[in-house]
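Taking it in order: structure first as structure tokens, then the write-up.
The values are calculated or read from the model by the stated rules, or taken from the named source; none is laboratory data. Small disclaimer: the values here were computed from a predicted structure and weren't measured. Cβ sites come from the backbone with ideal geometry, for glycine too, and all protein chains shown count toward neighbours. For accessibility, only protein heavy atoms count, side chains too; no ligands or nucleic acids. Shrake-Rupley method; radii C 1.70, N 1.55, O 1.52, S 1.80 Å.
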Amino acid sequence: MMRTVLILATLLASFLIAPEASAEKRLALVIGNSAYVNSTQLANPVNDAAEIAKALTEAGFQVIAGLDLDKRNFDAKIREFARSLTGADVALFYYAGHALQVGGRNYLVPIDASMQGERDLDFEAVGIDFVLRQMEIEREN
């Protein structure tokens, strides 16, 4: 976990320190979930996401932000981000909130997720591989 935070901080610092290219399209999806309905609420993710969104905006990113997203709105933000990726030179995804790994797959947890077992993951959570795939589609084109 700490290693992931260090890697993310290093990447973010490189974006913030790098001179802004005026013709470069920089796009970020920033999501922070704290107000969970069916699991432990978290104190910091919404605040962290708001701070990251502010810093990225100041660094020249167009930021699509979502705070305390239920599944429907989580999916809508990913779709908005995916559609906005056309022509992006840089794309960044930041998430703060509950997440889990099952069977080698990583999942992000919307605030309304109600999971009784592993089968519920594909219906209630958001697979990180799905988000990354949306980012890769544009790069492949």
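At-a-glance table
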item	result
Net charge over other residues, Cβ less than 11 angstrom from the Cβ of ARG105 (K, R count +1; D, E count -1)	-3
Where only C-alpha atoms are counted, convex hull volume of segment 45-141 per residue in Å³	99 Å³
Partner lysines for LYS54 [C-alpha distance under 19 Å; skip if fewer than 8 residues away on the same chain]	LYS25, LYS77
Sulfur and carbon atoms: percent of accessible area, segment 102-141 [1.4 Å]	47 percent
